[in-house]
1. Report yes if PRO305 is open to solvent by less than 60 Å² (accessible area, probe 1.4 Å) and under 20 Å from ILE146 (Cβ atoms), otherwise no.
2. Restricting to the stretch 200-239, what's the tally of residues that are in a helix (DSSP H, G or I) and open to solvent by 60 Å² or more (accessible area, probe 1.4 Å)?
3. Scan the stretch 174-185 and tell me whether some residue there is β-branched (Val, Ile, Thr) and either in contact with a strand residue (DSSP E or B) (Cβ under 9 Å, 6 or more places away or on another chain) or more than 22 Å from PHE248 (Cα to Cα) (or both).
4. In the stretch 378-427, what residues are in a loop (DSSP other than H, G, I, E, B) and more than 17 Å from GLY316 (Cα to Cα)?
5. All but one of (1) open to solvent by 60 Å² or more (accessible area, probe 1.4 Å); (2) assigned to a strand (DSSP E or B) hold for ARG182, so report the exception by its number.
6. Out of GLY274, GLY302, I need the residue that is at positive phi and more than 24 Å from the chain's Cα centre (by Cα). Which one?
7. Look through PHE370, PHE341 and report the one residue that is buried (at least 19 other Cβ atoms within 10 Å of the Cβ), among the hydrophobic types (A, V, I, L, M, F, W, C) and more than 27 Å from ILE16 (Cα to Cα).
8. When you scan the stretch 90-103, how many residues do you find that are assigned to a helix (DSSP H, G or I) and either within 22 Å of GLN128 (Cα to Cα) or open to solvent by less than 30 Å² (accessible area, probe 1.4 Å) (or both)?
Amino acid sequence: MTFDTVIIGGGLSGLISGIRLLQNKKKCAIISSGQSALHFFSGSFDLLNFLPNGEKVAYPQKEINKLIKNFPEHPYTKLGENEFNKLTEQAEQLLKQVGLHVQGSSEKNHFRITPLGELKPTWLTMPQFAITHNDSLLPWKKVCLINIKGFLDFHPEFVSEAFKAKGVKTEIQFFDLPELDRIRKNPSEFRSTNLSIILDKESSREKMIEDFSVFSKNSDALILPDCWGHKNSSLLSDVMKEIGKPIFLLPTFPPSLIGVYTQQFLKDCFTKLGGTYMLGDSVTEANIKNNRVTEVFTKNHGNIPFKADNVILSSGSFFSQGIIADMNKVYEPVFSLDTDFLEKRSDWYNRNLFENQKYQQFGVKTDNNFRGLKNGKPIDNLFVTGAILNGFNPIKEGCGAGVSILTALYVANQILIKEQTYESAGQ
């Protein structure tokens, strides 16, 4: 099987680079094992919330130079200031083009509300999710927090306490439907993904309007767990019109319904553009000749090779086994690329869970064009993007989604430029 580009990894980074290449008429395939960090998605894409030294970042475009000057291994440093700013705008445009609506801008962070009611800075947030533009002030005087009876992945009590600390009065109510009883008996099935199938049915509309009208009587807004609106996009907006009060969503504990929806949405975009998405498959080995990847082999396709002019490795970090740790080392399992990690294992982690964990910065080494290094030398047609890269801490810096999206776009752009150059030269 021959493609222009083969992408290993079907998460956020792989899908973004694939969509960008397909928009420019390139033939692409994604090989995905099915594991994706998007299943833990909060409903917001973070770009840069803190510098590696802990300094807060409010204006990512204006403040990116502080990072570039002081942290040479960071992926954003490899991009440089101009490319960082250009790519953030290109990312916002691409999401708009494919119909994934978001609120926010790379010029200034806004604040999303976490499942515990805390405020965290972020870049882009799904439109139905609650946000504020002030890090200490919420836009309501009183809200009604609504949970689903028996749902354990959303805790309005924590949200209520956090809101009260910010001067917002709260009221907690519970919503229920008789149809939920058959999945309520098994806690492992009473999860957001299963709940949404029932809650988004048209048959729930009347009960929602009836209950929410009562709940909203003395509140400025209603806040619900993210269990509604993904299978029936008009339901919440219609209910809002009926009750005359705004309704916002908060993320739940995983699995993230908005994450599953976002991955499926981007995957559908990729396939509608003509991409080949191979779900449930994984790359087992690759051939490299004359410093180029010539073939990759997968578990499901045995000895039938995938051939491509370019290969993008977007297989994620430890969670999705893009990199693997044993007692002595961290390694990349497909191409045996050079990895960045500390020699002494006891230096990998901090026993205080909330402190900086150095293992989160481990990953694959690349050159400044994000070509993977093997024995210190870049492989000509193997690019690396997203969480598998070294040199950044997605948790402490709040930059995981930004690195995934921006490096994906950068690499896709580099491939397009390279191929245009070849075409102009008549090769």
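The values are calculated or read from the model by the stated rules, or taken from the named source; none is laboratory data. If you're wondering where the values come from, they're calculated on a predicted model, not measured in any experiment. Glycine also receives a Cβ, built like all others from the backbone with ideal geometry; neighbour counts cover every protein chain displayed. Note: areas computed on protein heavy atoms with side chains; ligands, DNA, RNA excluded. Shrake-Rupley method; radii C 1.70, N 1.55, O 1.52, S 1.80 Å.
1. no
2. Of the residues in that region, 6 qualify.
3. yes
4. ALA425, GLY426, GLN427
5. It is condition (2) that ARG182 fails.
6. Working: GLY274 fails: more than 24 Å from the chain's Cα centre (by Cα).
Exactly one residue qualifies, and that residue is GLY302.
7. On the way: PHE370 fails: more than 27 Å from ILE16 (Cα to Cα).
The match here is PHE341.
8. So the count comes out to 8.
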